[in-house]
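The structure appears right after this line, and notes come after that.
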Amino acid sequence: MRDASTSGTKAALYDAFAASGKALASGKRLELLDLLAQGERTVDALAKAAGLNLTTASAHLQTLKQAGFVATRREGVRIHYRLAGDDVAQLFALLRRVADRHQAAVPAARDAYLGEDGAAEVTHEELLARVEVGNVVVLDVRPLEEYQAGHIPGAVCIPVAELADRIGELPEENEVVVYCRGEYCALAYDAVRLLTDHGRRAVRLNDGMLEWRLADLPVHAGATA
């Protein structure tokens with residue numbers, strides 16, 4: 001039986017666990033993890049994507065690095081950040097899922113952010129089956145750099161900001177399956193609304209690239225399709 005002398009070491013262990021929780025206790029730091037789950041980025045790119053100034057973004061990233069959630073590499077004067085491992089992406093996805101199920105404020109906040117597009121959703125398995133048949137276009141509406149870092153094989157890249165001007169590139173006779181970063185990414189919702197407003201048949205993948213990677217499904221990187 002352990003005596004009172006072990007209580008200090010036990011407290012130190014649990015304090016070490018708690019340090020990880022403290023690093024996650026910021027919406028902006030979670031947003032940075034979400035962005036890094038799409039691929040490696042510089043501090044400048046992360047700050048711009050997250051709507052932060054450079055100093056604030058750097059401070060958040062340092063907190064995440066001290067907790068072991070992100071790693072860095074230097075290229076000249078630029079510092080590139082990436083997730084420290086797939087387990088960090090798994091933790092981030094699990095945190096969101098648990099919060100959605102057990103945190104009363106999350107569903108309402110989710111619905112207010114994503115909105116309603118009335119679109120049907122397809123699972124990974126359903127998407128793969130439709131691709132096999134060959135009667136769909138898989139549309140990635142993330143920014144180009146995220147697509148190039150890794151995308152669903154065969155997906156066409158049209159960032160949502162360019163979709164209105166480039167909708168003619170999508171064949172009218174095919175249904176479009178849209179995806180973006182993950183289950184809570186608004187880009188796919190915005191794209192489906194735009195497509196349906198233009199009379200196109202569009203559905204959403206029920207999650208996104210984060211969950212696709214975590215399911216260990218095929219991922220291609222590089223140039224646009």
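Let's test the formula: R0 of 35 Å, r as the Cβ-Cβ distance of Gln66 and Ser7. What FRET efficiency results, to the nearest 0.05?
It comes out at approximately 0.85.
With a ≥ b ≥ c taken as the square roots of the eigenvalues of the C-alpha gyration tensor of the range 113-195, please select rounded if a/c is under 1.5 and otherwise prolate if a/b is larger than b/c or oblate if it is not?
Working: a/c = 1.20, a/b = 1.16, b/c = 1.04.
In terms of gyration-tensor shape, rounded.
Between Ala99 and Glu40, what is the label-point separation in nm under the 7 Å Cα-to-beta-carbon projection?
Roughly 2.8 nm, to one decimal.
I want to verify a result. In a Gaussian network model of the chain, Cα cutoff 10 Å, which of these has the top mean-square fluctuation: Val136, Val98, Val43?
Highest fluctuation of the listed residues: Val98.
Using 0.36 nm times the number of residues separating Ala215 and Val133, minus their current alpha carbon distance, what extension gain do you get?
27.3 nm
So for the range 63-187, taking the charge dipole from beta-carbon charges (+1 Lys/Arg, -1 Asp/Glu), which of Ala120, Ile152, Gln66 sits furthest toward the positive end?
Gln66
What's the extension gain from Asp165 to Asp111 if we count 0.36 nm per residue and subtract their Cα-Cα distance?
So the chain would gain 16.7 nm between Asp165 and Asp111.
Under a plain spin-label model, where a point goes 7 Å from the Cα along Cα-to-Cβ, how far apart in nm are Glu173 and Asp197?
Here the answer is 2.8 nm between the modelled labels.
Only helices at least 15 Å long along their axis, Cα-based, and averaging 0.0 or more on Kyte-Doolittle count here, so list those DSSP H runs from the chain.
Membrane-span-like by this criterion, though nothing is claimed about a membrane: 7-23, 186-197.
Using the Cα centre as the reference, give the magnitude of the dipole from point charges on the C-beta atoms of the chain (Lys, Arg: +1; Asp, Glu: -1; all else neutral), rounded to the nearest 20 debye.
On the way: 25 positive and 32 negative charges, 240 e Å.
With only Lys, Arg, Asp and Glu charged at Cβ, the dipole is about 1160 debye.
Accessible area per residue of the range 1-148 at 1.4 Å probe, in Å²?
For the range 1-148, the solvent-accessible area averages 60 Å² per residue.
For the chain, give me every cysteine whose Cβ has no other Cys Cβ within less than 4.7 Å, ordered by residue number.
Cys157
The values are calculated or read from the model by the stated rules, or taken from the named source; none is laboratory data. Just so we're clear, the structure is a prediction, and the values are computed from it rather than from any experiment. Here Cβ is always computed from backbone atoms with ideal geometry, including for glycine, and neighbour counts include all displayed protein chains. Heavy atoms of the whole protein, side chains included, go into the accessibility calculation; ligands, DNA and RNA do not. Shrake-Rupley method; radii C 1.70, N 1.55, O 1.52, S 1.80 Å.
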